[in-house]
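The values are calculated or read from the model by the stated rules, or taken from the named source; none is laboratory data. Keep in mind the model is a prediction, meaning the values are calculated, not measured. Quick reminder, even Gly has a Cβ in these numbers, built from the backbone with ideal geometry, and neighbours come from all protein chains shown.
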Amino acid sequence: MRIILTTGLLLCCSNVFMTFAWYGHLRNLSHKPWIIAALVSWGIAFFEYLIQVPANRIGHQVLDVAHLKILQEIITLSVFVPFSILYMKEQVRLDYLWAGLCILAAVFFVFRQRLFGG
């Protein structure tokens, strides 16, 4: 269980970097040429990968790739929704709830054997 928690924590940290790399330039660098935004984003993404690669290596000790991917998607939405609302000032939409429920269904189907056996 410690490995899964460590993996989740590292993936959360890497996702913060990833989200800023992918979307932060829309707020901060919208007045700059796209190449500047791309270079800044790549610089931020470098730090994301420094955390994400070890996280997946640690997690793969006890989880298979499908588990890691679904965990990543849960974390991505968990980081992205507050980012879009608080940082990007986007409006909350009911679609976020439906997307979250779809992700929860994916979690159930990927982890059900691990959780319930069989």
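For the range 66-84, the condition of being over 29 Å from R2 (Cβ atoms) and within 16 Å of the chain's Cα centre (by Cα) holds for at least one residue. So N28 passes all but one of these: (1) of a type in the set (S, T, N, Q); (2) surrounded by fewer than 16 Cβ atoms within 10 Å (Cβ to Cβ); (3) in contact with a helix residue (DSSP H, G or I) (Cβ under 6 Å, 6 or more places away or on another chain). Which condition number does it fail? Against the list (1) of a type in the set (S, T, N, Q); (2) surrounded by fewer than 16 Cβ atoms within 10 Å (Cβ to Cβ); (3) in contact with a helix residue (DSSP H, G or I) (Cβ under 6 Å, 6 or more places away or on another chain), N28 comes up short only on (3).
Check the range 6-26 and report whether any residue there is among the aromatic types (F, W, Y) and over 15 Å from the mean Cα position of the chain (by Cα).
If we filter the range 6-26 for residues that are among the aromatic types (F, W, Y), which is where we start, we get 17, 20, 22-23.
Now restrict to residues that are over 15 Å from the mean Cα position of the chain (by Cα): none.
Checked the range 6-26: no residue is among the aromatic types (F, W, Y) and over 15 Å from the mean Cα position of the chain (by Cα).
Residues that are at pLDDT 90 or above and surrounded by 10 or more Cβ atoms within 10 Å (Cβ to Cβ) within the range 82-92 comprise P82, F83, S84, I85, Y87, M88, E90, listed in sequence order. Return yes or no: is V107 buried (at least 17 other Cβ atoms within 10 Å of the Cβ) and either of a type in the set (K, R) or assigned to a helix (DSSP H, G or I) (or both)? The answer is no for V107.
Just checking, does the range 11-20 include any residue being surrounded by 11 or more Cβ atoms within 10 Å (Cβ to Cβ) and touching a Gly at 6+ places or on another chain (Cβ under 6 Å)?
Step one: filter the range 11-20 for residues surrounded by 11 or more Cβ atoms within 10 Å (Cβ to Cβ), giving 11-20.
Retained after the next criterion (residues that are touching a Gly at 6+ places or on another chain (Cβ under 6 Å)): none.
The answer is no, given that none of the residues of the range 11-20 is surrounded by 11 or more Cβ atoms within 10 Å (Cβ to Cβ) and touching a Gly at 6+ places or on another chain (Cβ under 6 Å).
Yes/no per residue for (1) modelled with pLDDT under 95; (2) buried (at least 18 other Cβ atoms within 10 Å of the Cβ); (3) not acidic (D, E):
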site: L39; (1), (2), (3): no, no, yes
site: G43; (1), (2), (3): no, no, yes
site: F46; (1), (2), (3): no, no, yes
site: I51; (1), (2), (3): no, yes, yes
site: P54; (1), (2), (3): no, no, yes
site: H60; (1), (2), (3): no, no, yes
site: L94; (1), (2), (3): yes, no, yes
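Could you grab me the full set of residues in the range 1-10 that are of a type in the set (S, T, N, Q) and buried (at least 17 other Cβ atoms within 10 Å of the Cβ)? Explain how you work it out, then say what you get.
Step one: list which residues in the range 1-10 are of a type in the set (S, T, N, Q), which gives 6-7.
Within the range 1-10, just T7 meets the criteria.
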